[in-house]
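For reference, the structure is listed below as structure tokens.
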Amino acid sequence: MHHFSKYLYSHLSRHFSTLSKLPHLTKIPSKYRTQAIKDARQALTDYLHSTRYVPFVYAENISKYSLYSLSSLISDIDYSSTGFTRNILKFLSYHPINEFEFFFESIGIDYKEVSGLLPANKFFFSEDERLLDAACALCGFGFPWNRIGKLYKEEVSIFRISSDELKAKLSRIKERGFSNTSVIGICLAFPYVLRGDGSLDGEICALVDDLKTVFVDFDLGSCVEANVDAWYEICRKMRLFYDLGCEKGKIGELMGRSKDLFLQYPQEVLIQKIEYFQRFAVRDKDIGLLILQSPEILDFDLETPVISVMGILKNFGLSTEERNSIAQEYPYVMGRNKMANLPNVMRALSLHEWFFNKIKDGNHQLLAKSAISHPNEDVNEDFRDGLEKIKSSRTPVHTMKKLAFMHSIGFGENSLTLKVLTDSHGTSIELQERFNILLGAGIEFSKACKMLKVRAKVLNQKPDILEQKINFLCHEMGLSLDYLHIFPAFLCFNLENRIKPRYRFHKWLTEKGWCTRNYSIASIVATSEKNFVARMHGIHPDAVKEWYEKYSCSKPDENS
């Protein structure tokens, strides 16, 4: 079955399954609804063509593809199995419709979005002829009527130029060696090529040059089925690379040499691989160039294989001395992990850019050879014993999901990971949300992981609480995020009852001249209440009274 036939079948199936669900047709018996819609379409076509002077073929398209607007129209009209069309025409003669509502739905825009697009105080095409004229010009060129909405949503300026300018633009693209069908596929994938007047210049010219190189010079066009869907599908895949930042006018030959990539792999596979390499936190443009230069990477299984961190570092060229140094600094990353987690493993080691550059510079084949080759390779016995205890615990599923989260951020199969796991409370989803707060605040990935290794309880707090503490540290205290790498426990103390009052009190002591010693934030925050009060008394006899009266959230005991 051809692509278009599949599309048509899918559309009709959705259409007929929708009829019984339309809320506006409740007054029409279900067995008559299909006929009622058919009669309504005929009546609306006659009305638009005969009364509103819309060319018949476009009136028919508007009626055919505006199911929800149509159902709303007929919801209050008396139904009769013999004269329903007549009743609709009579109703329309006294109650003109908002033609733009039907138009927008018919060109493929979701009915829920239509109301937000309607022009103010305009109901008839005659009040703004450019919309219909542009749609008619596009349809006349061969664009499927119910796909034109994609152009409108992405590049509304197309509908503000004259139909003659639009036709000229389409002709100039076609003159570069394309058929009508291929031009339509290109425009649906890259609506901005129809922007402006009829000329091809700047980035539009550069893009069209690339597409000509691929489709004409490298003859990819002869491999594409002669229908709009097939061309649109190929062009959508190409757009992925431009959206990644690959320069227009510079990658036509590269895409041409890798043309099989666009024929053999579904868009979903491309997106999955792009998202995988994006997790290395490198430039999107470099990811696009990597895939175009080494399309065989799309065949690699980058999800299920088990890897040894030390083994993969060895495979990619690090010496024994370098590997031992890394293992000493990042012991919680060592051991086994899944290939799916490799990007974050490298980020946890702060080696992500080095590793990606290794792949980009021709070592990508090593990825396919990085899975462990022996079942006992790099097995950590302490981790294996701990894993067995988890499986026999009261909440194995919950704990295993938390462990999967730990692995996903780069923690390997080792005893340190199990310790962090024990000290971390919450679901895997909650832990991920809290970890994302640290990253979103600007803390480097590797430093965030080190913080958890030192103080796992950092993740035992709600996201908004973490945000408030980080904001207070950076804005009121004037410290950089690097301080959290020195004193991660800062995030574990109560903000309102501990951090704020103690910091503000010390600031007051300093400004008053009572305290001349520069105490560290850790000393101010982490000191016990008893020792803190004793220190205040040593600084100045009246300091303790000031503390309890104006700053402390607790009352003094007898000893104080």
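Size descriptors for region 198-249, from the alpha-carbon set: Rg then Dmax equal 11.6, 30 Å.
Taking a ≥ b ≥ c as the square roots of the eigenvalues of the Cα gyration tensor of the chain, is the shape rounded (a/c under 1.5), prolate (a/b larger than b/c) or oblate? Numbers along the way, then the final one.
Working: a/c = 2.43, a/b = 1.70, b/c = 1.43.
Prolate is the answer for the chain, as a/c is 1.5 or above and a/b outweighs b/c.
When the chain is described by a simple charge dipole with +1 on each Lys and Arg Cβ and -1 on each Asp and Glu Cβ, the residue from Val306, Asn436, Thr51 located farthest towards its positive end is Asn436.
With contributions of -39500 (n - 2.57) from each DSSP H run of at least four residues, the per-residue ellipticity at 222 nm computed over the chain stands at -16000 deg cm²/dmol. Each Cα pair under 8 Å and six or more residues apart adds its sequence gap; the mean of these over the residue count of region 493-559 is a relative contact order of 38 percent.
Using a 1.4 Å probe on the protein heavy atoms, what percent of the accessible area of the chain belongs to carbon and sulfur? Provide the component values of the computation, followed by the final result.
Values: 13360 of 27500 Å².
Carbon and sulfur atoms account for 49 percent of the accessible area of the chain.
Between region 352-426 and region 108-186, what's the alpha-carbon centroid distance in Å? Region 352-426 and region 108-186 have Cα centres spaced 52 Å from each other. Would you mind classifying region 268-369 by shape? Square roots of the alpha carbon gyration tensor eigenvalues, ordered a ≥ b ≥ c; an a/c under 1.5 is rounded, otherwise it is prolate if a/b is larger than b/c and oblate if not. Because a/c hits 1.5 or more and a/b exceeds b/c, region 268-369 counts as prolate.
Count Lys and Arg as plus one, Asp and Glu as minus one, and take only other residues whose Cβ is under 10 Å from that of Ala206; the net charge is then -3. Between Asn531 and Ser162, full extension at 0.36 nm per residue minus the direct alpha carbon distance yields a gain of 124.8 nm. Ordering Ile184, His540, His425 by Cα displacement along the dipole of the chain toward the positive end leaves His540 in first place; charges were set at the Cβ atoms of Lys, Arg (+1) and Asp, Glu (-1). The overall shape of region 406-560 is prolate: from the C-alpha gyration tensor, with semi-axes ordered a ≥ b ≥ c, the ratio a/c is 1.5 or greater and a/b exceeds b/c.
Roughly how big is the chain's charge dipole about its Cα centre, with Cβ charges of +1 (Lys, Arg) and -1 (Asp, Glu), in debye to the nearest 20? Don't jump to the answer; show the numbers that get you there.
Values: 72 positive and 69 negative charges, 280 e Å.
The calculation lands at about 1340 debye.
Taken one residue at a time, the phi angles of region 282-288 give Karplus couplings (6.51, -1.76, 1.60, θ = phi - 60°) of 10, 5, 4, 4, 5, 5, x Hz. Gly and Pro are set to x. The amide H of Lys338, built 1.01 Å from its N in the peptide plane, has Ile307 as neighbours under 5 Å, considering only residues 5 or more places off or on other chains.
Taking a straight line from the alpha carbon of Lys169, these lysines sit under 20 Å away, with near neighbours fewer than eight places off in the same chain left out: Lys150, Lys153, Lys212, Lys248. Take every Cα-Cα pair in region 374-442 and report what % of them are more than 14 Å apart. More than 14 Å apart: 62 percent of the Cα pairs in region 374-442.
Could you please report the charge total around Lys338, scoring K, R as +1 and D, E as -1 over all other residues with beta-carbon less than 12 angstrom from its beta-carbon? If you can, show how the numbers build up before the last one.
On the way: positive: Arg336; negative: Asp301, Glu303, Glu413.
Once all neighbours under 12 Å are counted, the net charge is -2.
Counting only residues at least eight positions apart within a chain, or on another chain, the aspartates and glutamates with an alpha carbon under 15 Å from that of Lys512 are Asp542, Glu546.
For region 72-133, what is the convex hull volume of the alpha-carbon atoms per residue, in Å³?
Working: hull volume 7.2 nm³, N = 62.
Here the figure is 117 Å³ per residue.
For region 358-368, backbone phi angles converted through the Karplus equation (6.51, -1.76, 1.60; θ = phi - 60°) give residue-by-residue couplings of 4, 5, 5, 8, x, 9, 4, 4, 5, 4, 6 Hz, Gly and Pro being listed as x.
Only protein heavy atoms count here; under a 1.4 Å probe, Arg172 has an accessible surface of about 100 Å². Summing charges over neighbours of Lys507, with a neighbour being any other residue whose Cβ is under 11 Å away from its Cβ, gives +2 when K and R count +1 and D and E count -1. Listed by chain and number, the lysines whose C-alpha is less than 18 Å from the C-alpha of Lys314, apart from same-chain residues fewer than 8 away, are Lys338, Lys358, Lys360, Lys369. Along region 109-122 the Karplus relation, 6.51 cos²θ - 1.76 cosθ + 1.60 evaluated at θ = phi - 60°, assigns HN-Hα couplings of 8, 3, 4, 5, 8, 4, 4, x, 9, 5, x, 5, 6, 10 Hz to successive residues, with x for each Gly and Pro.
Give me log10 I(q)/I(0) at q = 0.13, 0.15, 0.18, 0.19 Å⁻¹ for region 189-321, Debye formula, one equal scatterer per alpha-carbon, no solvent. Result of the Debye calculation: -0.62, -0.78, -1.04, -1.13. Note on Glu511: accessible area approximately 140 square angstrom, rounded to 10, probe 1.4 Å, nucleic acids and ligands left out.
The values are calculated or read from the model by the stated rules, or taken from the named source; none is laboratory data. Predicted model, so just to flag it, every value in this text is computed and none were measured. Backbone-built Cβ (ideal geometry, glycine too); neighbour counts: all protein chains shown. Surface areas here come from the heavy atoms of the whole protein model, side chains and all, with no ligands, DNA or RNA. Shrake-Rupley method; radii C 1.70, N 1.55, O 1.52, S 1.80 Å.
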